[in-house]
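Novice: Handing you a structure now.
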Amino acid sequence: MLKIKNLHASIQDEKQKTKSILRGIDLHVKPGEVHAIMGPNGSGKSTLANILAGREEYQITQGEMWLDGQNLMDLPPEARATAGLFLAFQYPVEIPGVNNMYFLKAAVNSVRKQRQLPPLDAMDFLTLIKSKMKEVGMDEKFLNRAVNEGFSGGEKKRNEILQMLMLEPKLAILDETDSGLDIDALQSVAKGVNSLRDPNRSIVVVTHYQRLLSYIVPDVVHVMVKGQIIKSGGKELALELEEKGYGWLNENVEQV
Amino acid sequence: MSAALRMSTWLESLFTDVSADLQPSWLQVFRAQQFEKFLHRGLPTRKEEWWKYTNVAYLEKTKFSFPVLSEITKIPLKKTLDSAILMVFKNGRFSQELSRTHLLPPEVILSPLNQAIITHENLIKPYLLKKQPELRNSLAYLNSAFARDGMFLYVPENCIVPYPIHLLFLNTEQDDFISCPRNIVIVKENAQVKIMEEHAAYQANNYFTNVMTELYVSAYACLDYYKLQNESSTATHVADIQVQQKHDSHVNTFFADYGSRLAREDLTVNMHERNAACHMNGLYLLEQDEQQIDNHIYVDHVATNCNSSMLYKGILDKKSQAVFNGKVFAHAGAKQTHAKQSNHNLLLSPMAEVNTKPELEIYADDVKCTHGATVGQLDENALFYLRARGIEKQEALQILAQAFVEEVMQKIADPDVKKYIQQQVRQHANL
Ligand SMILES: Nc1ncnc2c1ncn2[C@@H]1O[C@H](COP(=O)(O)OP(=O)(O)OP(=O)(O)O)[C@@H](O)[C@H]1O
Ligand SMILES: [Mg+2]
């Protein structure tokens, strides 16, 4: 499903100095698998997620990324989305003046168009979205607000999951969707994610907490430090990290 | 030699033409005075503070003529306002066959100006001949000299005109002409009316519209004035709009400007009596290199307890330029004035340029005035967010552009007019 080979990426800071963030990422996620990526703050997890989604501000200096046999490098962000990639953002953007329902409908219909499906009419769309909102425990009044504007942290995260359920991606990347959620919200988000699990879909969850992983049980857990995946293992690895932190892994980090 | 003098030969010959019109002798005298005035003042120059950013000197290079009558028998636009009273002017001249006025309440006078000058001479005369201070825009004098047609509207006391009056100035099938329509609107005590003045083009290029609209709003009356400037992309559009408000009157204006190579809107609002309110809103969308759209507003607060507000929003692409100059003047007697000005701009290109200058000049106590202006770029994070959900870049840009103008679109009270303007905005926000 997702294949990343030796990916290196950097960014130019304000002083035009190049800062390397990803330093040789290899990742292979097979259809039906759930992978978790953990790692300290600033290690590059969100950067990886954003690069996969097509963020243009990063420079990719080396490597490859493939989704289902398609070279992601060739595709603009919208084409990656319609090809089935979905990123639930760590910090969803507020867009004043754009109605949430209008936005969701535009998104769903562009993806449908790409999949050669007719656009949903207003009625069908409303029925569908209302049922999905129920699933993630969102009040219908959020449809008439501007996209994420004034939403609480948890409400923004639920809105991300709602979008994911509406778009039915092949590969969903959840970047700290669990942070800032209360216990009920965590459960409904996990329920939403699990409802998507299927042998032809893959999920990558970026998280700091074992807690989410007891609801969304991963097949593989990776540890990312300073732009490299320094260790991968089964779901027990997450428990071990929770107990011991990241310090004991330091010998695995290649020096810059 | 001044610009006006250089233009004077062909201007004189146009004026000879106008003088030959069938008209009352006072009008002939008035026109001659106004023409002299223009020749004396000349074209506005950038040395004048109020014209610092607007260069109209190029106008003297074209030898404009008056348009010949247009032959078109259908309105070549996609849409006109449904259920409206429609007055169509082809190249500045009233067209009976394209107009539609059956919805008009019988007590209202709605007539092309060149007829009204004969049929309602005594009604119009005092308005045209009224004493007025020196105008900031010298081209308004040229309008007075050359105006041969336009709309005359008289809404008597207590009359409510139930449908908007759509005034359509269609410039068509000719080049290098000058059109000087003059509109006079009189709204008597406690009456209500909505006017939508639209300037549009069809197969016309380098022409010059120099329009003047006078709006006289009596006590307790209510006027909504919508101005849509959708001229051809090589045209010049200069407009002078003068609003006179009596006590307890209420005026809403909305300017939607997208057309022309150079467009200039001069809006002057005189609040000389107490408790008047005027809310001025507008948007401008520039999508061509070398395009310029200027909005200049002057609000004269003379009496107590008057209220004025401005909200203008603009989106600029390519190497275009916009000017917003809003001035609120509160005289010593204008106690309890409330005035608010804001102007926000979105630049889609590093070459686009905005000069924005909200100004307050206050000599009264107990006034509440605020002003603010912003010039910003598109939110890249928002653009990426939309694209990451599968929305194509072009559509995402459109969504964000529309979101930007949404705040000001909300100010359009009439739902039909709003829909009509929205549809035009969608065409032009196709950035
Ligand atoms: N647009 C950017 N401009 C400058 N620096 C950036 C940018 N994006 C990422 N970085 C830097 O790259 C590093 C990795 O950031 P990233 O957000 O990917 O970390 P993370 O692993 O997601 O951290 P966290 O767990 O705190 O979310 C950080 O040092 C960050 O400051
Ligand atoms: Mg992160």
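We did not get these values from a lab; they are worked out from the coordinates using the rules stated. Just so you know, these numbers come straight off a predicted model, no measurement behind them. When we count neighbours, we look across all protein chains shown, and the Cβ atoms used for this are built from the backbone with ideal geometry, even at glycine.
Novice: Based only on Cα atoms, what Rg/Rh ratio does the protein assembly as shown have, Rh being taken as Kirkwood's radius?
Specialist: Numbers: Rg = 31.5 Å, Rh = 28.7 Å.
Taking Rh as the inverse mean 1/r over Cα pairs, Rg/Rh reads 1.09.
Novice: Further, regarding this structure: For chain A, state the semi-axes of the equivalent ellipsoid (square roots of 5 times the eigenvalues of the alpha-carbon gyration tensor), sorted largest first and rounded to whole angstrom.
Specialist: 30, 21, 18
Novice: Considering every residue in A:95-101, what mean count of other chain Cβ atoms within 10 Å of its Cβ is obtained?
Specialist: Values: counts 9, 6, 12, 10, 3, 0, 0.
Mean shielding count: 6.
Novice: Still on this model: Give me A:Glu140, B:Glu395 sorted ascending by neighbouring Cβ count inside 10 Å, so fewest comes first. Mind dumping the intermediate values first?
Specialist: Working: A:Glu140 12, B:Glu395 15.
Listed from fewest to most nearby Cβ atoms, that is A:Glu140, B:Glu395.
Novice: Right, something else. For peptide A:53-61, compute the average count of partner chain beta-carbon atoms within 10 Å of each residue's beta-carbon.
Specialist: On the way: counts 5, 3, 5, 3, 2, 0, 0, 0, 0.
Mean number of neighbouring Cβ atoms from other chains: 2.
Novice: Based on the mean of other Cβ atoms within 10 Å per residue, sort peptides A:103-110, B:262-269 so the most packed one is first.
Specialist: Values: A:103-110: 21.2, B:262-269: 24.0.
Result, highest mean first: B:262-269, A:103-110.
Novice: Any idea what % of Cα-Cα pairs in region B:379-431 are farther than 17 Å?
Specialist: Roughly 41 percent, once rounded to a whole number.
Novice: I'd like the mean, over residues of B:341-349, of how many other protein chain beta carbons sit within 10 Å of each residue's own Cβ. Can you show the working numbers first?
Specialist: Numbers: counts 0, 0, 0, 0, 0, 0, 0, 0, 0.
If you average over the peptide's residues, the count of other-chain Cβ atoms is 0.
Novice: Determine the shape class of region A:31-75: with a ≥ b ≥ c the square roots of the Cα gyration tensor eigenvalues, call it rounded for a/c under 1.5, and otherwise prolate if a/b is greater than b/c, oblate otherwise.
Specialist: Values: a/c = 2.31, a/b = 1.11, b/c = 2.08.
Judged from the Cα gyration tensor, region A:31-75 comes out oblate (a/c at least 1.5, b/c at or above a/b).
Novice: Starting from the Cα gyration tensor of chain B, take the square roots of the eigenvalues, sort them a ≥ b ≥ c, and report rounded, prolate or oblate (rounded when a/c is under 1.5, otherwise prolate if a/b is larger than b/c, else oblate).
Specialist: Note, shape of chain B comes out rounded.
Novice: Given q = 0.21, 0.24 Å⁻¹, what are the Debye log10 I(q)/I(0) values for region B:1-80, with equal point scatterers placed on the Cα positions and solvent ignored?
Specialist: Evaluating at q = 0.21, 0.24 Å⁻¹ gives log10 I(q)/I(0) of -1.00, -1.12.
Novice: Grab the other residues whose beta carbon is less than 9 angstrom from that of B:Ala147, score K and R as +1, D and E as -1, and report the net. Write down the numbers at each step before the final one.
Specialist: Values: positive: B:Arg31, B:Arg148, B:Arg182; negative: B:Asp149.
Result for the local shell: +2.
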